[in-house]
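As structure tokens, the structure follows; a few thoughts come after it.
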Amino acid sequence: MTIRTKIILSAFLAGVGLAGPALAAPGMVVGGTDIFAGPSPAYPIVGALPPGAPIEIFGCQPG
């Protein structure tokens with residue numbers, strides 16, 4: 001292994017080690033909900049989640 005390869009590999013592993021955990025929180029669907037193909041109910045329904053389904057929450061929007 002060349003010195004250049006060792007330096008690149010070391011930099012990559014250091015970057016991976018510094019990466020933080022994913023910022024997701026566990027959650028649960030309270031009432032059944034539909035999953036839409038886009039960001040609003042104007043899009044077609046592509047699936048549904050029943051009450052009690054486990055989900056991961058990646059962010060919240062005010063309102």
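The values are calculated or read from the model by the stated rules, or taken from the named source; none is laboratory data. Remember, predicted model here, so these are calculated numbers, not experimental data. In this analysis, Cβ positions are derived from the backbone assuming ideal geometry, glycine residues included, and neighbour counts consider all displayed protein chains. Surface accessibility is based on the protein's heavy atoms, side chains included, excluding ligands, DNA and RNA. Shrake-Rupley method; radii C 1.70, N 1.55, O 1.52, S 1.80 Å.
Can you work out which of the residues in segment 29-40 that are within 12 Å of Pro51 (Cα to Cα) and surrounded by 11 or more Cβ atoms within 10 Å (Cβ to Cβ) is modelled with the lowest pLDDT?
Gly32
When you look at Leu23, is it at pLDDT below 90, open to solvent by 70 Å² or more (accessible area, probe 1.4 Å) and touching a Gly at 6+ places or on another chain (Cβ under 9 Å), yes or no? When the stated conditions are applied, Leu23 passes them.
For the structure I just gave you, tell me whether Leu13 is modelled with pLDDT under 90 and outside any loop (DSSP other than H, G, I, E, B). Against the criterion (modelled with pLDDT under 90 and outside any loop (DSSP other than H, G, I, E, B)), Leu13 qualifies.
Of all residues in segment 41-55, those satisfying the criterion of being surrounded by 10 or more Cβ atoms within 10 Å (Cβ to Cβ) and part of a strand (DSSP E or B) are Ile45, Val46, Ala48, Leu49, Ile55.
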